[in-house]
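What follows is a set of notes on a single structure, which appears directly below.
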């Protein structure tokens, strides 16, 4: 009888430890998969991405998004969701996209954009591509 009780208790303990280990492994795998999707969205491992105005990642590439505050022939100033701002340098080779192909002339103050490019040492970004996002729809 004591041997049977010990075997049952041992089996329950082993099953509990295996279940706990499986749950922890699943949490790790899910977090790893999320990180992989984030890196894929940002462009590649080491890319810089800005989500909700917070820059993450390394200096190998860059991305940002926000509302255009001002524009001149060589740059845009973006207002970020976190209250900060960022300068993005543009050139005639900067690709601008919208539902149809756009140009630098399509960018103006108040537009929401998503920018990918190369970070500069001073914290600005040199744009490689700018996606013009549609204006948010407001509920009436």
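Every read-out reported here was derived from the displayed coordinates using simple, explicitly stated rules and does not represent laboratory data. The structure displayed is predicted, hence computed values, not measured ones. For neighbour counting, all protein chains shown are included, and Cβ atoms are generated from backbone atoms with ideal geometry for every residue, glycine included.
Return the distance in nm (one decimal) between the two label points of a simple spin-label model at residue 72 and residue 17, each offset 7 Å from Cα along Cα→Cβ.
According to this spin-label approximation, the distance is 6.8 nm.
For residue 118 and residue 97, FRET efficiency with R0 = 25 Å and r from the beta-carbon atoms, rounded to 0.05?
0.85
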